[in-house]
Amino acid sequence: MTETSENQLVLASPLQCAARWRLHHQVWGNGYPLEMYLKREESLFEADFCRTAQRMWLLCKDSEILASCETYRMTMAAMGTRGIVQALRGETIASVVVDPRLRRQGYAGQLLQLLLERLRFDGTHVATLYSDVGPSLYRQAGFLLHPARESTRAVQGQSWPNHAEELGIGDVANVLANESEQVQAWLGFAPTLAVAEVACAERVAWFHQRSQFRAWARGTPAPQVVGAQGPDGGYCLWTADSVNPKVHILVWRPISARDAAILTEAALAHGSELGLAEVIWWDADRDTGIDPYRQPQLQPQGAVGRARAESLPMLAWLDSSPFPLLWAGIERAGWA
(Lines give C-alpha, C1' and ligand atoms only; values in the text may rest on other atoms or scores of the structure.)
Protein backbone atom coordinates (compact mmCIF):
# COMPACT_ATOMS: atom_id res chain seq x y z
CA MET A 1 0.00 0.00 0.00
CA THR A 2 1.24 3.49 -0.89
CA GLU A 3 -0.26 6.61 0.68
CA THR A 4 -0.46 10.39 0.45
CA SER A 5 -1.74 12.33 3.47
CA GLU A 6 -5.27 11.28 2.50
CA ASN A 7 -5.35 8.90 -0.46
CA GLN A 8 -4.01 5.36 -0.84
CA LEU A 9 -2.84 3.25 -3.76
CA VAL A 10 -4.09 -0.34 -3.45
CA LEU A 11 -4.45 -3.40 -5.64
CA ALA A 12 -8.02 -4.13 -6.72
CA SER A 13 -9.83 -7.24 -5.57
CA PRO A 14 -11.64 -9.39 -8.19
CA LEU A 15 -14.96 -7.80 -7.18
CA GLN A 16 -13.50 -4.31 -7.52
CA CYS A 17 -12.09 -5.20 -10.95
CA ALA A 18 -15.54 -6.29 -12.10
CA ALA A 19 -17.07 -3.04 -10.85
CA ARG A 20 -14.46 -0.94 -12.68
CA TRP A 21 -15.02 -2.89 -15.91
CA ARG A 22 -18.56 -1.50 -15.92
CA LEU A 23 -17.08 2.00 -15.87
CA HIS A 24 -14.65 1.00 -18.63
CA HIS A 25 -17.63 -0.02 -20.75
CA GLN A 26 -19.11 3.47 -20.38
CA VAL A 27 -15.84 5.04 -21.55
CA TRP A 28 -14.40 2.56 -24.06
CA GLY A 29 -17.13 0.01 -24.77
CA ASN A 30 -18.29 1.42 -28.10
CA GLY A 31 -19.73 -1.40 -30.19
CA TYR A 32 -20.09 -3.84 -27.30
CA PRO A 33 -23.24 -4.88 -25.42
CA LEU A 34 -22.48 -4.53 -21.71
CA GLU A 35 -22.70 -8.23 -20.92
CA MET A 36 -20.37 -9.16 -23.78
CA TYR A 37 -17.89 -6.49 -22.69
CA LEU A 38 -17.89 -7.82 -19.14
CA LYS A 39 -17.44 -11.35 -20.42
CA ARG A 40 -14.51 -10.16 -22.53
CA GLU A 41 -12.79 -8.50 -19.58
CA GLU A 42 -13.30 -11.56 -17.39
CA SER A 43 -11.92 -13.83 -20.11
CA LEU A 44 -8.88 -11.62 -20.71
CA PHE A 45 -8.24 -11.38 -16.97
CA GLU A 46 -7.99 -15.20 -16.89
CA ALA A 47 -5.70 -15.43 -19.93
CA ASP A 48 -2.19 -16.82 -19.46
CA PHE A 49 -0.61 -13.42 -20.07
CA CYS A 50 -2.78 -11.62 -17.51
CA ARG A 51 -2.57 -14.23 -14.77
CA THR A 52 1.00 -13.20 -14.07
CA ALA A 53 1.38 -9.86 -15.82
CA GLN A 54 -1.78 -7.80 -15.25
CA ARG A 55 -2.77 -5.81 -12.19
CA MET A 56 -5.46 -3.21 -11.53
CA TRP A 57 -4.58 -0.33 -9.19
CA LEU A 58 -7.00 1.87 -7.27
CA LEU A 59 -6.60 5.33 -5.79
CA CYS A 60 -8.85 5.27 -2.74
CA LYS A 61 -9.94 7.58 0.03
CA ASP A 62 -11.33 5.41 2.80
CA SER A 63 -13.74 3.09 0.95
CA GLU A 64 -14.29 5.40 -2.04
CA ILE A 65 -12.50 4.64 -5.33
CA LEU A 66 -11.24 7.89 -6.85
CA ALA A 67 -9.37 6.58 -9.92
CA SER A 68 -7.99 3.37 -11.36
CA CYS A 69 -5.64 1.99 -13.98
CA GLU A 70 -4.16 -1.30 -15.13
CA THR A 71 -0.55 -2.34 -15.57
CA TYR A 72 0.90 -5.10 -17.73
CA ARG A 73 4.36 -6.46 -17.04
CA MET A 74 6.68 -6.72 -20.00
CA THR A 75 10.30 -7.46 -20.83
CA MET A 76 12.46 -4.74 -22.26
CA ALA A 77 16.05 -4.87 -23.44
CA ALA A 78 18.42 -1.92 -23.10
CA MET A 79 21.83 -1.12 -24.47
CA GLY A 80 23.69 0.10 -21.40
CA THR A 81 27.12 1.56 -20.78
CA ARG A 82 30.11 -0.15 -22.44
CA GLY A 83 27.78 -1.76 -24.97
CA ILE A 84 26.24 -4.16 -22.43
CA VAL A 85 22.71 -5.23 -23.35
CA GLN A 86 20.55 -6.22 -20.40
CA ALA A 87 16.96 -7.31 -19.83
CA LEU A 88 14.91 -4.80 -17.90
CA ARG A 89 11.64 -5.03 -16.01
CA GLY A 90 8.97 -2.84 -17.55
CA GLU A 91 5.31 -2.06 -17.05
CA THR A 92 2.78 -0.77 -19.55
CA ILE A 93 0.09 1.43 -18.00
CA ALA A 94 -3.40 1.40 -19.50
CA SER A 95 -7.05 2.20 -18.80
CA VAL A 96 -6.47 5.26 -16.62
CA VAL A 97 -9.99 6.29 -15.66
CA VAL A 98 -11.79 8.56 -13.20
CA ASP A 99 -15.53 8.38 -12.65
CA PRO A 100 -17.10 11.36 -14.52
CA ARG A 101 -18.49 12.86 -11.29
CA LEU A 102 -14.97 12.98 -9.77
CA ARG A 103 -13.05 14.40 -12.72
CA ARG A 104 -10.99 17.61 -12.77
CA GLN A 105 -9.88 17.17 -9.16
CA GLY A 106 -6.38 15.87 -9.88
CA TYR A 107 -7.06 12.22 -9.06
CA ALA A 108 -5.58 10.79 -12.26
CA GLY A 109 -2.34 12.67 -11.62
CA GLN A 110 -2.22 11.46 -8.01
CA LEU A 111 -2.79 7.89 -9.16
CA LEU A 112 0.08 8.06 -11.66
CA GLN A 113 2.44 9.70 -9.17
CA LEU A 114 1.83 7.05 -6.50
CA LEU A 115 1.95 4.24 -9.06
CA LEU A 116 5.33 5.29 -10.45
CA GLU A 117 6.68 5.52 -6.90
CA ARG A 118 5.43 1.99 -6.22
CA LEU A 119 6.82 0.58 -9.46
CA ARG A 120 10.21 2.17 -8.79
CA PHE A 121 10.23 0.69 -5.27
CA ASP A 122 9.41 -2.75 -6.73
CA GLY A 123 12.42 -2.62 -9.05
CA THR A 124 10.74 -1.58 -12.29
CA HIS A 125 13.14 0.14 -14.68
CA VAL A 126 10.78 1.65 -17.24
CA ALA A 127 7.06 2.41 -17.60
CA THR A 128 5.35 3.03 -20.92
CA LEU A 129 1.88 3.99 -22.04
CA TYR A 130 0.01 5.09 -25.14
CA SER A 131 -2.04 8.22 -24.57
CA ASP A 132 -5.26 8.93 -26.44
CA VAL A 133 -5.90 12.15 -24.48
CA GLY A 134 -2.74 14.05 -25.33
CA PRO A 135 0.56 14.20 -23.42
CA SER A 136 -0.14 16.87 -20.75
CA LEU A 137 -1.42 14.64 -17.93
CA TYR A 138 1.36 12.12 -18.39
CA ARG A 139 4.12 14.69 -18.80
CA GLN A 140 3.19 16.07 -15.39
CA ALA A 141 3.70 12.58 -13.97
CA GLY A 142 7.20 12.29 -15.48
CA PHE A 143 6.55 10.68 -18.86
CA LEU A 144 8.26 11.85 -22.04
CA LEU A 145 6.58 11.79 -25.42
CA HIS A 146 8.45 9.83 -28.07
CA PRO A 147 7.58 10.92 -31.61
CA ALA A 148 6.33 7.94 -33.57
CA ARG A 149 4.79 7.24 -36.93
CA GLU A 150 2.13 5.04 -38.44
CA SER A 151 1.79 3.63 -41.91
CA THR A 152 -1.58 2.70 -43.38
CA ARG A 153 -2.93 1.02 -46.45
CA ALA A 154 -6.57 0.64 -47.47
CA VAL A 155 -8.05 -2.83 -47.89
CA GLN A 156 -9.44 -3.22 -51.42
CA GLY A 157 -10.50 -6.84 -51.88
CA GLN A 158 -7.03 -8.38 -52.01
CA SER A 159 -6.65 -12.16 -52.08
CA TRP A 160 -4.09 -14.20 -50.14
CA PRO A 161 -0.74 -14.04 -51.99
CA ASN A 162 1.16 -17.03 -53.29
CA HIS A 163 4.28 -17.90 -51.27
CA ALA A 164 2.79 -16.64 -47.97
CA GLU A 165 2.14 -19.17 -45.22
CA GLU A 166 -0.71 -18.60 -42.78
CA LEU A 167 0.25 -18.48 -39.10
CA GLY A 168 -2.23 -19.53 -36.43
CA ILE A 169 -2.05 -18.95 -32.70
CA GLY A 170 -0.25 -22.29 -32.29
CA ASP A 171 2.64 -21.04 -34.44
CA VAL A 172 3.39 -17.88 -32.48
CA ALA A 173 5.68 -19.38 -29.84
CA ASN A 174 7.90 -20.87 -32.54
CA VAL A 175 8.25 -17.73 -34.62
CA LEU A 176 8.99 -15.62 -31.52
CA ALA A 177 11.37 -18.15 -29.96
CA ASN A 178 14.48 -16.07 -30.72
CA GLU A 179 12.91 -12.64 -30.34
CA SER A 180 14.82 -11.66 -27.19
CA GLU A 181 18.20 -12.66 -28.63
CA GLN A 182 17.46 -10.84 -31.89
CA VAL A 183 16.46 -7.63 -30.12
CA GLN A 184 19.59 -7.74 -27.97
CA ALA A 185 21.71 -8.37 -31.06
CA TRP A 186 20.53 -5.29 -32.92
CA LEU A 187 20.54 -3.13 -29.79
CA GLY A 188 24.21 -4.04 -29.44
CA PHE A 189 24.90 -1.80 -32.45
CA ALA A 190 23.16 1.22 -30.91
CA PRO A 191 25.42 4.29 -30.90
CA THR A 192 23.69 5.60 -27.78
CA LEU A 193 21.64 4.37 -24.84
CA ALA A 194 18.57 2.65 -26.29
CA VAL A 195 15.65 0.58 -25.09
CA ALA A 196 13.20 -1.72 -26.91
CA GLU A 197 10.32 -3.97 -25.95
CA VAL A 198 10.49 -7.73 -26.53
CA ALA A 199 7.33 -9.33 -27.94
CA CYS A 200 6.12 -12.55 -26.29
CA ALA A 201 3.76 -15.30 -27.42
CA GLU A 202 1.42 -14.89 -24.43
CA ARG A 203 0.86 -11.24 -25.27
CA VAL A 204 0.06 -12.04 -28.91
CA ALA A 205 -2.40 -14.71 -27.75
CA TRP A 206 -4.02 -12.10 -25.49
CA PHE A 207 -4.46 -9.77 -28.46
CA HIS A 208 -5.96 -12.63 -30.45
CA GLN A 209 -8.47 -13.25 -27.67
CA ARG A 210 -9.45 -9.57 -27.76
CA SER A 211 -9.89 -9.76 -31.53
CA GLN A 212 -12.26 -12.70 -31.16
CA PHE A 213 -14.54 -10.72 -28.87
CA ARG A 214 -14.40 -7.73 -31.21
CA ALA A 215 -15.56 -9.94 -34.08
CA TRP A 216 -18.38 -11.46 -32.01
CA ALA A 217 -19.53 -7.97 -31.01
CA ARG A 218 -19.76 -7.09 -34.70
CA GLY A 219 -21.59 -10.31 -35.51
CA THR A 220 -18.79 -11.75 -37.65
CA PRO A 221 -16.77 -14.98 -37.31
CA ALA A 222 -13.73 -14.82 -35.07
CA PRO A 223 -10.44 -14.69 -37.03
CA GLN A 224 -8.23 -17.78 -36.95
CA VAL A 225 -5.14 -16.42 -38.73
CA VAL A 226 -2.82 -14.25 -36.63
CA GLY A 227 -0.03 -13.61 -39.12
CA ALA A 228 1.94 -14.74 -42.12
CA GLN A 229 5.40 -16.03 -42.97
CA GLY A 230 7.18 -14.97 -46.14
CA PRO A 231 9.17 -17.09 -48.61
CA ASP A 232 12.52 -15.84 -47.27
CA GLY A 233 11.70 -16.58 -43.62
CA GLY A 234 10.43 -13.22 -42.45
CA TYR A 235 7.07 -12.94 -40.74
CA CYS A 236 4.52 -10.58 -39.29
CA LEU A 237 1.85 -11.00 -36.61
CA TRP A 238 -1.36 -9.00 -36.38
CA THR A 239 -4.59 -8.49 -34.50
CA ALA A 240 -7.98 -7.72 -36.03
CA ASP A 241 -10.07 -4.86 -34.67
CA SER A 242 -13.53 -5.50 -36.07
CA VAL A 243 -15.09 -2.56 -34.26
CA ASN A 244 -12.91 0.26 -35.63
CA PRO A 245 -12.34 -1.65 -38.19
CA LYS A 246 -8.63 -2.28 -38.84
CA VAL A 247 -5.91 -4.89 -38.94
CA HIS A 248 -3.12 -3.82 -36.57
CA ILE A 249 0.34 -5.22 -37.20
CA LEU A 250 1.78 -6.38 -33.86
CA VAL A 251 5.21 -7.60 -34.95
CA TRP A 252 6.89 -6.74 -38.27
CA ARG A 253 9.89 -8.94 -39.13
CA PRO A 254 10.51 -9.10 -42.92
CA ILE A 255 14.05 -10.03 -43.88
CA SER A 256 13.86 -9.16 -47.58
CA ALA A 257 12.02 -6.74 -49.85
CA ARG A 258 10.14 -9.73 -51.25
CA ASP A 259 9.03 -10.70 -47.74
CA ALA A 260 7.87 -7.13 -47.08
CA ALA A 261 5.75 -7.08 -50.24
CA ILE A 262 4.19 -10.50 -49.67
CA LEU A 263 3.55 -9.94 -45.94
CA THR A 264 1.86 -6.63 -46.77
CA GLU A 265 -0.45 -8.37 -49.22
CA ALA A 266 -1.21 -11.14 -46.71
CA ALA A 267 -2.27 -8.60 -44.09
CA LEU A 268 -4.47 -6.84 -46.64
CA ALA A 269 -6.02 -10.17 -47.66
CA HIS A 270 -6.78 -10.98 -44.03
CA GLY A 271 -8.49 -7.61 -43.65
CA SER A 272 -10.46 -8.20 -46.84
CA GLU A 273 -11.64 -11.60 -45.62
CA LEU A 274 -12.89 -10.05 -42.37
CA GLY A 275 -14.52 -7.07 -44.08
CA LEU A 276 -12.14 -4.55 -42.48
CA ALA A 277 -11.11 -1.27 -44.04
CA GLU A 278 -7.43 -0.67 -43.29
CA VAL A 279 -4.13 -2.18 -42.23
CA ILE A 280 -2.02 -0.11 -39.87
CA TRP A 281 1.66 -0.43 -38.88
CA TRP A 282 3.12 1.46 -35.93
CA ASP A 283 6.56 2.95 -36.56
CA ALA A 284 7.39 0.61 -39.46
CA ASP A 285 8.93 3.42 -41.56
CA ARG A 286 10.91 5.03 -38.75
CA ASP A 287 14.46 3.93 -39.56
CA THR A 288 16.73 4.61 -36.58
CA GLY A 289 19.68 2.80 -38.11
CA ILE A 290 19.46 0.15 -35.37
CA ASP A 291 16.40 -2.01 -35.97
CA PRO A 292 17.09 -4.06 -39.14
CA TYR A 293 13.36 -4.61 -39.77
CA ARG A 294 12.82 -0.89 -40.31
CA GLN A 295 15.29 -0.34 -43.09
CA PRO A 296 13.77 1.47 -46.11
CA GLN A 297 13.61 -1.65 -48.32
CA LEU A 298 11.68 -3.52 -45.61
CA GLN A 299 8.93 -0.99 -45.07
CA PRO A 300 5.34 -2.07 -45.80
CA GLN A 301 4.77 -1.87 -49.52
CA GLY A 302 2.48 0.89 -50.75
CA ALA A 303 1.66 2.16 -47.25
CA VAL A 304 1.33 5.88 -46.50
CA GLY A 305 3.41 7.05 -43.53
CA ARG A 306 2.51 9.92 -41.23
CA ALA A 307 3.07 11.17 -37.69
CA ARG A 308 0.79 9.40 -35.27
CA ALA A 309 -1.96 11.59 -33.83
CA GLU A 310 -3.53 8.96 -31.55
CA SER A 311 -2.14 6.47 -29.02
CA LEU A 312 0.93 8.61 -28.52
CA PRO A 313 3.85 6.56 -27.10
CA MET A 314 5.22 7.84 -23.79
CA LEU A 315 7.96 6.52 -21.54
CA ALA A 316 9.00 7.15 -17.92
CA TRP A 317 12.50 6.02 -16.94
CA LEU A 318 12.43 4.86 -13.30
CA ASP A 319 15.99 3.58 -12.99
CA SER A 320 18.81 5.62 -11.47
CA SER A 321 21.09 5.01 -14.46
CA PRO A 322 21.18 7.44 -17.43
CA PHE A 323 17.98 7.80 -19.39
CA PRO A 324 17.93 6.01 -22.79
CA LEU A 325 18.09 8.44 -25.68
CA LEU A 326 16.31 6.16 -28.10
CA TRP A 327 13.17 4.03 -27.82
CA ALA A 328 13.50 1.60 -30.72
CA GLY A 329 10.99 -0.84 -32.17
CA ILE A 330 7.78 0.85 -30.98
CA GLU A 331 5.10 -1.64 -31.98
CA ARG A 332 1.49 -2.48 -31.28
CA ALA A 333 2.63 -5.49 -29.22
CA GLY A 334 3.42 -3.13 -26.34
CA TRP A 335 0.01 -1.52 -26.33
CA ALA A 336 -2.83 -2.46 -23.96
Q. Helix 34-45 versus the longest principal axis of the chain: what angle, 0 to 90°, nearest 10, using Cα atoms?
A. 80
Q.
What percentages make up the Cα-Cα pair-distance distribution of the stretch 78-129 when the bins are 5 Å wide from 0?
A. 4, 16, 21, 18, 15, 11, 6, 4, 3, 1, 0
**Q.** Per-pair calculated FRET efficiency, R0 = 41 Å: ARG101 and HIS163 via Cβ, rounded to 0.05
**A.** 0.15
**Q.** Two-decimal Rg/Rh across the chain, once Rg and the Kirkwood Rh are taken from alpha-carbon atoms
**A.** 0.96
Q) Using alpha carbons only, how many degrees (0 to 90, rounded to 10) separate the axis of helix 201-218 from the longest principal axis of the chain? A) 90
Q: For the stretch 11-100, count all C-alpha to C-alpha pairs, find those more than 23 Å apart, and express that count as a whole percent of the total.
A: 34
Q.
If packing is taken as the average number of other Cβ atoms within 10 Å across a peptide's residues, how do 186-195, 100-109, 215-224 rank, most packed first?
A. 186-195, 215-224, 100-109
Q. What number, in percent, do you get for the relative contact order of the chain if the mean sequence gap of Cα pairs under 8 Å and at least 6 apart is divided by its residue count?
A. 22
(Q) With every protein chain left in place and a probe of 1.4 Å, what is the accessible surface of ASP285, to the nearest 10 Å²? (A) 40
Q: Taking just the C-alpha trace of the stretch 108-166, give me its Rg and Dmax in Å.
A: 19.3, 54
Q: Compute the length gained on full extension between ARG73 and GLN295: take 0.36 nm times their separation in residues and subtract their Cα-Cα distance, giving the result in nm to one decimal.
A: 77.0 nm
(Q) Test of understanding: extend the Cα→C-beta vector of SER43 to 7 Å, then name every residue of the stretch 166-200 with backbone N under 13 Å from that spot. (A) none
Q: Please calculate the 1.4 Å probe accessible area of PHE207, with all protein chains present, and give it to the nearest 10 Å².
A: 10
Q) How far is helix 14-28 tilted off the main Cα axis of the chain, in degrees rounded to 10, range 0 to 90? A) 60
Q. If each of GLU6 and VAL243 carries a label point 7 Å out from its Cα toward its Cβ, how far apart are those two points in nm?
A. 3.4
Q: Output the Cα-based Rg and Dmax of the stretch 229-336 in Å, rounding Rg to one decimal and Dmax to a whole number.
A: 14.8, 49
Q: Please express the shape of the stretch 170-286 as an equivalent ellipsoid: the semi-axes are the square roots of 5 times the eigenvalues of the C-alpha gyration tensor, given largest first in whole angstrom.
A: 26, 16, 13
Q | Estimated dipole of the chain in Debye, rounded to 20 [Cβ of Lys and Arg +1, of Asp and Glu -1, Cα centre] | A | 660
Q | P(r) tail fraction, the stretch 48-149 - alpha-carbon pairs more than 16 Å apart, % | A | 63
Q. Once fully extended, how much extra length lies between ASP232 and ASN30, figured as 0.36 nm per residue of separation less the alpha-carbon to alpha-carbon distance?
A. 68.7 nm
Q. If you bin the C-alpha pair distances of the stretch 206-247 every 10 Å from 0, what whole percents do you get?
A. 31, 46, 19, 5
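The values are calculated or read from the model by the stated rules, or taken from the named source; none is laboratory data. None of the values given here were measured: they were computed from a predicted structure. Don't worry about glycine lacking a Cβ; one is built from the backbone with ideal geometry, like all the others, and counts go over all protein chains shown. Areas reflect the complete protein model, heavy atoms only, side chains present, ligands, DNA and RNA absent. Shrake-Rupley method; radii C 1.70, N 1.55, O 1.52, S 1.80 Å.
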